[in-house]
1. Return the residues of the stretch 282-315 that are surrounded by 15 or more Cβ atoms within 10 Å (Cβ to Cβ) and of a type in the set (G, A, S); say none if nothing qualifies.
2. Scan the stretch 494-537 for residues that are more than 15 Å from A449 (Cβ to Cβ), in contact (Cβ under 8 Å) with a residue 12 or more places away in the chain and part of a helix (DSSP H, G or I) and report the count.
3. Exactly one condition in (1) touching a Phe, Trp or Tyr at 6+ places or on another chain (Cβ under 7 Å); (2) crowded, with 21+ Cβ neighbours inside 10 Å is false for E318; which is it?
4. Among the numbered criteria (1) part of a loop (DSSP other than H, G, I, E, B); (2) touching an Asp or Glu at 6+ places or on another chain (Cβ under 8 Å), which one does R60 miss?
5. Cβ-Cβ distance below 6 Å, separation of 6 or more or different chains: which pairs start in the stretch 113-137 with a residue that is of a type in the set (F, W, Y) and end on one that is open to solvent by 60 Å² or more (accessible area, probe 1.4 Å) and within 16 Å of the ligand (Cβ to nearest atom)?
6. Please enumerate the residues belonging to the stretch 198-237 that are aromatic (F, W, Y) and at pLDDT below 95.
7. Name every residue in the stretch 345-372 that is open to solvent by 10 Å² or more (accessible area, probe 1.4 Å) and farther than 21 Å from Y206 by Cα, in order of residue number.
8. In the stretch 37-47, is there at least one residue being open to solvent by less than 20 Å² (accessible area, probe 1.4 Å) and touching a residue at least 40 places away in the same chain (Cβ under 8 Å)?
Amino acid sequence: MGGSINVVTVIGAGAMGHGIAQVAAMAGYRVNVVDVSEDVLEKALERIRWSLGKLMEKGRIKQEDVASTLSRLKLTTSIEEACKEADLVIEAVFEDVEVKRNALRKADAAAKDAKVIGTNTSSIPINELASFVSRPERFLGLHFFNPPQMMQLVEIIRGEKTSDEALKAAQDFVRTLGKTQVLVKRDVPGFIVNRILSRIFEVACYLVQKQKYSILQLDSATKYRAGFPMGVFELADFVGLDVAYNVTKVISQRDKRFRDVQLLREHVERGEYGVKSGKGFYDYSKGGRPEIPADLGRDVDLTYVLVPALNEAARLMEEGYASSDDVDIAMKLGTNLPKGIFGYAAELTVDKVRQVLSELEPDLGEGYRPVPYLLKLLSKGPVTDKEYQEIAVKREPPIGWIVLNRPHRLNTITPRMTEELEDAVEKLSADREIRVLVITGEGGRAFSAGADITAFSEILGMENKVQAAYRFSWRFTEVLLKLERCPKPVIAAIDGFALGGGMEIALACDFRLASDRSELGQPEIRLGLIPGAGGTQRLTRLLGPSKAKLVIYFGDRIKAKDAEALGMVDKVLPSERFIESVREFASRLAEMPPIGLEHAKAAINAALDVPIEKGLLIESALFGQLFATKDLAEGVSAFFSKRKPEFKGE
Ligand code: NAI
């Protein structure tokens with residue numbers, strides 16, 4: 001649990017409140033839930049029970065977790081009662097200023113010792129709501145996404161008067177929930193996700209009204225060509241047109257750079273709310289999802305939708321509301337845009353951006369003036385301030401860290417990640433200041449949960465699937481061969497899942513250090529597959545055939561301790577100080593003579609492949625070669641003078 005926070009109070013037990021309460025109780029907090037009637041509370045509890053049941057069915061939690069989570073929840077109809085012991089309060093009542101004023105006033109008076117009072121509002125400015133509490137320094141936005149049990153993102157919004165302490169307490173709290181947070185550094189209508197999404201709805205509706213494109217054309221283009229999880233209009237129907245309209249309305253009332261979205265308003269006025277009312281942009285009276293032909297959007301110029309969204313994203317950075325990383329993470333996790341938002345800039349030019357925006361600005365207003373930051377980024381080439389997108393490299397000589405960096409997808413492996421990994425291994429291998437490589441995963445939940453399965457479904461849809469799958473497997477294998485042959489020691493630092501392809505990366509490393517909460521395995525068989533990047537070969541060499549068969553035939557997730565007993569893991573380390581322990585291990589290795597290590601690695605790896613006489617010959621040859629190194633002279637002289645040797649790798 002998060003530092004000094006033990007008791008959490010959630011006000012409002014509706015769609016969001018019940019989910020937030022559940023997530024907090026699952027993380028170990030005592031949670032008070034308050035709503036206006038016993039009836040509503042009973043329904044909320046039913047929803048929580050249902051959701052916990054589902055999580056248990058999927059094996060994500062155990063029977064005893066269900067019972068303990070439920071035992072930490074307390075339901076009441078009295079705000080005073082619910083708040084009096086609270087360390088942190090989250091308000092999730094109706095999206096209505098008056099209702100929120102009333103709830104926040106009472107909560108503020110009752111929650112005397114709370115360090116944080118947060119609101120889950122999706123559109124009302126935090127500074128406006130802060131005026132309803134007596135101590136605005138402990139007030140901020142804690143914006144969860146629907147459904148909170150499943151959605152990984154929380155936007156934390158700092159109000160004008162929010163103190164550093166309250167912000168830190170809220171950030172620590174969200175971390176303990178296992179969620180990914182982004183920081184909105186200053187209040188801005190719509191925050192990140194809803195603001196950019198509103199821009200997309202605004203321009204898409206405009207293009208339809210101007211009859212530039214039809215709804216189906218735009219949905220087909222955004223879904224099949226831009227890779228949105230659904231078409232834009234389909235998405236609006238799923239969100240609820242009333243909800244979507246309300247967000248755009250609240251933003252446009254407070255920010256003159258946004259317009260009232262007429263097409264959304266008209267649907268709402270006709271009572272067409274999307275999926276929930278049976279009709280929106282599409283008809284849902286017979287259930288199912290709209291049929292959107294894949295080729296209908298072929299001729300749509302997608303830049304008309306994407307440029308305004310990118311411009312808005314650039315504004316958030318230019319005006320200091322959020323960092324570019326946070327904007328991208330928010331769009332990936334909040335709307336499931338696979339590339340985030342800046343990924344779409346790769347093929348744009350300054351001229352194209354200017355042309356599209358100058359066409360839209362006369363009708364849609366100043367929000368469509370190009371933001372200088374976007375033009376600046378585009379003129380420098382693709383919009384990314386980093387060398388890599390799916391990994392990160394941290395030089396901390398003598399240690400070089402490679403971080404698998406798709407935390408929103410448990411660091412699953414894509415072709416791009418494989419290429420970036422190869423590049424990073426090459427660069428760090430050649431980097432003279434780096435003596436040891438450590439590979440690890442971002443996000444605190446996984447080293448890597450395997451290949452991104454969407455790649456498999458794509459391949460299944462291909463005509464030449466056998467050849468495509470072979471290439472996919474062989475390319476990954478080539479990169480892992482390179483990793484295995486890296487002249488420096490490589491450590492896989494596993495904190496969380498190392499499954500499938502993730503396990504195979506770890507197998508190509510010299511050592512596997514795992515935190516005690518990690519789970520490892522080769523679950524491919526459960527999909528009807530076998531490991532495809534060395535699992536059958538390296539695991540067999542490591543464990544022997546019968547243990548490798550146990551791991552691969554059953555495809556179980558194996559706990560770190562058991563994996564250690566099998567030999568898949570070299571050391572299990574306590575998760576609380578995992579990275580420190582890995583760093584200590586790596587630092588000790590880094591004190592060893594680099595050329596000696598390189599030769600030892602080559603000789604040991606050869607032992608697995610060649611007959612013993614040849615292996616012994618290799619050993620002797622490499623042994624001999626070391627007599628040409630200065631490190632050997634240093635080692636021998638230090639030995640005789642009883643001091644610690646200083647190896648230079650020469
Ligand atoms: P909801 O209508 O499902 O639930 C609101 C709950 O608050 C109701 O159960 C209501 O009885 C209760 N309530 C109203 N006044 C109250 C009071 N004075 N004291 C205690 N309880 C009271 O609404 P929903 O969707 O859960 O939204 C809640 C908040 O979360 C809103 O601010 C909304 O903008 C925001 N939000 C909603 C999302 C969504 O997709 N539904 C996503 C993210 C944020």
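The values are calculated or read from the model by the stated rules, or taken from the named source; none is laboratory data. Quick caveat: nothing in here was measured; it's all calculated off a predicted structure. Glycine also receives a Cβ, built like all others from the backbone with ideal geometry; neighbour counts cover every protein chain displayed. Accessible surface is based on the protein model in full, side chains and every heavy atom, while ligands, DNA and RNA are left aside. Shrake-Rupley method; radii C 1.70, N 1.55, O 1.52, S 1.80 Å.
1. G297, A309, A313, A314
2. 3
3. (2)
4. Failing condition for R60: (2).
5. F132/R101; F132/R105
6. Y224, F228
7. Result: A346, E347, L348, T349, V350, D351, P372.
8. No: zero hits.
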